[in-house]
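Enquirer: Here it is: the structure, laid out below.
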Amino acid sequence: MVFNVVFRETGCCLPERIVSNSDFEDYEFYTSEGKPEIQPTAQIIRKAERRFGIKERRLAREDQVASDLGAIAVANSGVDTNSLDMIIGASNYGDMVVGDVGYPTCDFVPSLASRVARKTGLVGEGKYFKSFDLIDACAGGLESMFVAEMYIRNNMFSEINKAGVVAMETLFRVGDTSSKDILLLGEGGAFVALEGVESDRKEGILSCATQTVRYFVPKLGIDSKMEPVTDCSKYITSGVPNNPALRDGRRCFKMLGPFVKQVASEYVPLVARRAMERAGVGVDELKLLIFHQANADMVNDMALGSGVRADDLDRKVPITNDWLANQSLVSTPTILDLVYRGKLTSPKSHVYSINPGDKILIATVGGGISANAMVYQEPMR
């Protein structure tokens, strides 16, 4: 018999508020130097939509926080939370609340995992239970699955055989509303349960691969005004708003987008190929490749670099960023749930699905820069 770690219940939370690109037409965008953008806002919006494919995004209600979205995702999965031995909360900014300072601040204590457990009715009385949070930027959802698998496989933690990963983020709240990068951000929650089982064949999680890229030499166009930055820890950070009038102590999500795209397009395929090699699986054997949804342009680059043929992109590489934008670490588990439920369709009307025996790849990239990949085979039933 072979001990495998497999996916069980999945769920997601697609927030109720739908914000289209046209809702940003009254925004005033500034450059990182604190000067108003030369191009009109409407033109910036149209250009961003053409380049990145994002048309709208889902945002939490004002009375909701990240752990609320996570709890909804858990509830939508139908899992009996008292069957879970552990919950890992994946979030980068915690429950963001507006206090006396007038702008959202991060609240991490107690852990979001413990808050989700409380909000979903996990009693824990008379049974072992463990919960904690994990931060790894946009790679955090898949990184949390890595950690859950390690706990389940490790004999030192024999009490843990079923773990839930809850990815949750209200990323828009930490975005800079005076920067055009705000157009890229979305919010949501997602849940994946993982369980250890014995089988007569190898299935479930077949392999994982991960790497943090510390040094990278970006390529700059001859008309670029950016200075080359080789320290990848500076590609995604926090900083002051572009608009000087908003610099009242708040810190905002910041990224060097062109550099992130370049390093992701090189290293995510490298890590993806490494995971495929470890699993003994070729790209043609994969039913789906699920990538972090930064934007459609980057997704296509990562897919092509991983060996997907251009004429297979529609059939094998799901895209949600056109209507969900960049949900950070929530995007890949959200796609996983939508595919399992048969609720995700390609631009060419292909309905994505995962059937017993199918092999898929999940790959993410996040600040640091961290690249993760997992090859998974749906168990035979």
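The values are calculated or read from the model by the stated rules, or taken from the named source; none is laboratory data. Predicted model, so just to flag it, every value in this text is computed and none were measured. Counting neighbours? That spans all protein chains shown, and the Cβs are built from the backbone with ideal geometry, glycine included.
Enquirer: Being modelled with pLDDT under 95 and either touching a Lys or Arg at 6+ places or on another chain (Cβ under 7 Å) or under 19 Å from V375 (Cβ atoms) (or both) narrows it down to one residue among D248, D322; which is it? If you could, list the steps in order and put the result at the bottom.
Expert: Details: D248 fails: either touching a Lys or Arg at 6+ places or on another chain (Cβ under 7 Å) or under 19 Å from V375 (Cβ atoms) (or both).
Exactly one residue qualifies, and that residue is D322.
Enquirer: Look through region 63-107, keep the residues that are surrounded by fewer than 18 Cβ atoms within 10 Å (Cβ to Cβ), not aliphatic (A, V, I, L, M) and not in a loop (DSSP other than H, G, I, E, B), and return whichever of them is modelled with the lowest pLDDT.
Expert: Among those that are surrounded by fewer than 18 Cβ atoms within 10 Å (Cβ to Cβ), not aliphatic (A, V, I, L, M) and not in a loop (DSSP other than H, G, I, E, B), it is N82.
Enquirer: Which ranges mark the strands (runs of 3 or more DSSP E) fully within region 164-265 that have 3 or more residues being over 16 Å from the mean Cα position of the chain (by Cα) and surrounded by 21 or more Cβ atoms within 10 Å (Cβ to Cβ)?
Expert: Values: elements: 187-199, 204-212, 236-239, 252-255.
Qualifying strands (runs of 3 or more DSSP E): 204-212.
Enquirer: When you check S158 against the structure, is it within 25 Å of the chain's Cα centre (by Cα), at pLDDT below 95 and over 24 Å from T212 (Cα atoms), yes or no?
Expert: Values: within 25 Å of the chain's Cα centre (by Cα): no; at pLDDT below 95: yes; over 24 Å from T212 (Cα atoms): yes.
No: the conditions fail for S158.
Residues are listed down the side, and each one gets a yes or a no for (1) in contact (Cβ under 8 Å) with a residue 24 or more places away in the chain; (2) in contact with a strand residue (DSSP E or B) (Cβ under 8 Å, 6 or more places away or on another chain); (3) outside any loop (DSSP other than H, G, I, E, B); (4) exposed (fewer than 15 other Cβ atoms within 10 Å of the Cβ):
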site	(1), (2), (3), (4)
A303	no, yes, yes, no
V308	yes, yes, no, no
L313	no, no, yes, no
L329	yes, yes, yes, no
T332	yes, yes, yes, no
D337	yes, yes, yes, no
K343	no, no, no, yes
K348	yes, no, no, yes
P356	yes, no, no, yes
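Enquirer: Find the residue count for region 340-381, including only residues that are closer than 15 Å to L286 by Cβ and polar (S, T, N, Q).
Expert: 3
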